[in-house]
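Structure first, commentary second.
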Amino acid sequence: MKQNIFFYSNGNKIAGDLYLPESKQTEKRPAIIVVTPWGGVKNQTAGIYAKKLLSEGFITLAFDHSSYGQSEGVPRCNEDPLAKVEDIKNAITYMEDINSVDKNGLFVLGICSGAAYVAYAAATEQHRVRAIATVSGYFHDLFQRLYMTEAIGKNGLIDLLANARKAKDNYRLTGIAEYIPHIPDIDDNSLEIVKDFYSYYRTERGTTSTYVCKTLLSSIEQLGSFSAIPAVKALSIPSLFVAGSNAKSAYESEDANAAATENNELFVIDGANHTDLYDQAQYVDQAVKRLSSFYKLAIENFKTKNKVEVA
């Protein structure tokens, strides 16, 4: 059963899809907050995982970040890492207030760049979050994530940052926001990872009325200096990093797993590329099965360690 809900974050009304079991049983259930990729909305891949994990016995929430989809926030499509982290923290608070949620079994799942945001949020929320998992995760700064030095060269990178700065100043003076494509057009010379993203977001696979293919230009500056690897190093809760063996981004999950210090695991799904793990059932179902067992073991171990009564 899906409910359309909302909560507030940074003064914005955040729209979410809350997935609850049809059962009228009163027992409390563990819950998972599923965080979208950069530029994504809740009824794309995050919604797919939320629905499948509901079938595994979890209460789940997928939501649109501030300035995306059905959520409030201007300028629109603002990929502000710290604002997104705050959205996640407020989503945790929202879930804690649901009577049917077992507060001793509250988890986060980040997809693509959502992995960086959940890691950063979890680093200071380890008293509330029992485990963290990621799928096709990105954790490093924007330039490493998008292979920008390879794609546009160092001079192009400097120009992009200069344009982002100008866009920020122009917005401050005029209120007019400037945008770049979220996923650019492709040709034969485009990087494989860009072609991969295109195959999802720019085709019927990722089509939805609330998704728009643009990113606020000025947010490039904020993204440029953001990395979640230090946050991963600070985690003392269990962590699971799921990646496809054919994903050009797989090194990111490998780096995150290497940075984690305890109770961590890298789970590689053979044959999958980055966006295969967004919506292709043969790969997503493998990820969901592993995620489910990971979260269930985490709550079992937590309750045993802390002698918490099972609800």
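Projecting the Cα atoms of Ser136, Ser225, Phe107 onto the dipole axis of the chain, where Lys and Arg carry +1 and Asp and Glu carry -1 at the beta carbon, places Phe107 farthest toward the positive end. Axis angle, to the nearest 10 degrees, between helix 81-96 and the longest C-alpha principal axis of the chain: 20 degrees.
Suppose we keep just the DSSP beta bridges with both residues in the chain; what percent of those would be antiparallel, to 5?
35
Put in order of Cβ neighbour count within 10 Å, fewest first, the listed residues Thr93, Thr36 become Thr93, Thr36.
Relative to the longest principal axis of the Cα atoms of the chain, the long axis of helix 114-123 lies at roughly 60 degrees.
By how many degrees, 0 to 90 and rounded to 10, does the Cα axis of helix 45-54 deviate from the longest principal axis of the chain? Compared with the principal axis, the helix lies near 0 degrees.
Take the Kirkwood radius over Cα pairs of the chain, plug it into Stokes-Einstein at 20 °C and 1.002 mPa s, and you get 109 µm²/s for translational diffusion. Which distance in Å, rounded to a whole number, links the C-alpha centroids of the stretch 215-248 and the stretch 251-302? Here the two parts' Cα centres lie 15 Å apart. With equal scatterers on the alpha carbons only and no solvent term, can you work out the Debye log10 of I(q)/I(0) for the stretch 177-311 at 0.09, 0.18 1/Å? So the normalised log intensities are -0.39, -1.19. Here the stretch 30-92 is treated with +1 on each Lys and Arg Cβ and -1 on each Asp and Glu Cβ, and its dipole about the Cα centre works out to around 200 debye.
Each of Pro181, Thr261, Ala298 was scored by the projection of its Cα onto the charge dipole of the chain, and the greatest displacement toward the positive side belongs to Ala298; charges sit on the C-beta of Lys, Arg, Asp and Glu.
Among His140, His127, His274, the order by Cβ neighbours within 10 angstrom, fewest to most, reads His127, His140, His274. Dipole magnitude for the chain: computed about the Cα centre from +1 point charges on Lys and Arg Cβ and -1 point charges on Asp and Glu Cβ, it is near 780 debye.
Since every read-out is calculated from the coordinates, none of them should be taken as a lab result. Remember, it's a predicted structure, so these values are computed and weren't measured experimentally. Positions of Cβ are backbone-derived with ideal geometry, glycine not excepted, and every protein chain shown enters the neighbour counts.
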